[in-house]
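Read-outs: derived from the displayed coordinates by stated rules, not from any lab. Computed from a predicted model, the values in this text were never measured in an experiment. Cβ coordinates were reconstructed from backbone atoms using ideal geometry, including for glycine residues, and neighbour counts include every protein chain displayed.
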Amino acid sequence: MITIPTIDLDDEESAELKAACENVGCFFAKAPSLYSLVAGVIKEARMFFELDPDVKGKYLATSENYFVGYRPQGSEKNMYGTQTEHCEQFKLGMIMQGNGSSLCQIEDQLSNRVFNTRKTLQYWNEATTFSNRLLDKMRINLGFEAAYFDKYLDQPLHQLGLNYYPSISNIQSGFDSDYALSPHVDLGLFTLISQDIAGLQIQLADETLVGVEPQENTVLVLLAEYLHKWSGGRYRAPLHCVTASKKERYSVIYKHRPNYDAVIRVPYRASELSDSEFINYHTGEAYDRKIHNIMGVTHLPETADP
């Protein structure tokens, strides 16, 4: 039976991390400092989501700000664009600019006086530092040279999402799904997930769907599409979803992502996968396509040629 392991990044032995990435695609990482901030971040998120809709609307995520900001319930669809997602989100972090570069506006986004954001900013800084360290350990496991990822992350598009899932009784009319967030694979290197109560489900390598309970002093690391491709298919990027619940719930989602113009030219080939899947995969354009599908946009901000 496949289970989700717990990894201590302070251990010099990397075999457990390698096995978790290749065989499971997710793991709990010991992170007491991150864990200690989660309750405060959720408290700040609750303060925002309980505001009047007109106030929240002032921070609306649009194509002009690359959909960083507030995404109301029902504004986002699944990755096929066929079903409405029942989740309110507040996206923070790196914004792509018209010249193809990125700009960290996290401090500006959190400088408003609508709600206290001190713990959220602390979490952002701690999660970024933690993720850089984790990525370097993955680099070693993949056999990449020192500083391999540096050129792909000098203007990264990291993102922090504060998610609110209303109870079924508070979901907008017309709800006819078992999911508050439909099955999908994240576009990024990996995602850090903290939740106040269970609701997340992950599909393991044996195709079983398992519920994930919060684990004290840890953060859940979920591998994503870019790292799956960068590893030549060796690292799993599992499908995951959030089930509809009779209780409201919150989660904190940090996505570690490269520059907009990062192009993956994989130095390995997985025999069961075609070479064409790994040639010149433009991560920014892939994210553009995802945003087009889930937000139903007809145009996005112009970018420079890669």
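Couple of notes before you dig in:
- Within the same chain, aspartates and glutamates fewer than 8 places from Lys247 are excluded, and of the rest, those with a Cα less than 16 Å from its Cα are Glu50, Glu88, Asp178, Asp196, Glu213.
- Out-of-range pairs (alpha-carbon distance over 23 Å; input Lys229/Lys290; Lys30/Lys229; Lys77/Lys119; Lys119/Lys151; Lys58/Lys246; Lys30/Lys56): Lys30/Lys229; Lys77/Lys119; Lys119/Lys151; Lys58/Lys246; Lys30/Lys56
- Chain lengthening between Ser33 and Arg265 when straightened (0.36 nm per residue, less Cα-Cα): 80.0 nm
- The Thr129 and Glu13 beta-carbon pair, evaluated with R₀ = 22 Å, returns a calculated FRET efficiency of approximately 0.50.
- Each of Ser63, Ser131 has some number of other Cβ atoms within 10 Å of its Cβ, and from fewest to most they run Ser63, Ser131.
- The calculated FRET efficiency for Asn23 paired with Asp54, based on their beta-carbon distance and R0 = 51 Å, is about 0.55.
- Annotation: the residues Arg139, Arg71, Arg257, Arg133, sorted from fewest to most other C-beta atoms within 10 Å of their own C-beta, follow the order Arg133, Arg139, Arg71, Arg257.
- Length gained on full extension, Ile168 to Lys77, computed as 0.36 nm times the residue gap minus the Cα-Cα distance: 31.0 nm.
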